[in-house]
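The values are calculated or read from the model by the stated rules, or taken from the named source; none is laboratory data. This one's a predicted model, so the numbers in the text were calculated from it and none came from an experiment. Cβ: placed from backbone, ideal geometry, glycine included. Neighbour counts: every protein chain shown.
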Amino acid sequence: MEVLHLLLLQRVEQPETFRYHWHCEEVKLVNLCFADDLLLFYREDVHSVHLFKDALISFADWSGLEANVWKSQLIVSKSAMDMKSLLLNVLGFQEGTFPVRYFGLLLISSRLTAGDCKCLILKVDERLKSWGKLLSFVVRVQLLR
């Protein structure tokens, strides 16, 4: 995925017409990768979408890995609804909607509250409780110390 990141940066820096997503220009944030998940950030314009599409094609040619168009989503802001169908056609992705959840947490631009993280905390708590059934008494005592 490092190669994809470099391909994206190379495409973004060449033309001066690329428009960064809101609050992303200062840190030059165009993508986030975690495991096999990829988030791309840009302001909705056709030129930026073509840059990303070109980088994804180059990455697929180099690595053999392609984005799954049935699982990939494009989320368009309200300000770009008039260009939505054009952007979806260029990338070939499905249309996504807000709010987006990732690992059970909402992806939002503001600070997460304890309530936002409650479902993740409950899952971790359940997992820890289930471990107690598998561990011997001695191991549980060591974990408590």
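Quick look at the numbers
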read-out	value
The listed residue being exposed (fewer than 11 other Cβ atoms within 10 Å of the Cβ), out of contact with any strand residue (DSSP E or B) (no Cβ under 8 Å at 6 or more places or on another chain) and not in a loop (DSSP other than H, G, I, E, B), out of 54, 82	82
Residue selected from segment 30-50 under the condition within 16 Å of residue 7 (Cβ to Cβ) and either among the β-branched types (Val, Ile, Thr) or not assigned by TED's automatic domain parsing to the domain that holds residue 19 (or both), by the criterion surrounded by the most Cβ atoms within 10 Å (Cβ to Cβ)	30
Positions within segment 108-137 being in a loop (DSSP other than H, G, I, E, B) and either in contact (Cβ under 8 Å) with a residue 60 or more places away in the chain or farther than 30 Å from residue 42 by Cα (or both), in sequence order	109, 135, 136
Residue 74 being in the same structural domain as residue 18 (by TED's automatic domain parsing), surrounded by 16 or more Cβ atoms within 10 Å (Cβ to Cβ), under 25 Å from residue 2 (Cα atoms) and under 18 Å from the mean Cα position of the chain (by Cα)	yes
Residue selected from segment 89-145 under the condition modelled with pLDDT of 75 or more, of a type in the set (Gly, Ala, Ser) and loosely packed, with under 10 Cβ neighbours inside 10 Å, by the criterion farthest from residue 37 (Cα to Cα)	136
Which listed residue is of a type in the set (Phe, Trp, Tyr), touching a helix residue (DSSP H, G or I) at 6+ places or on another chain (Cβ under 6 Å) and under 28 Å from residue 5 (Cβ atoms), from 98, 59, 103, 93	59
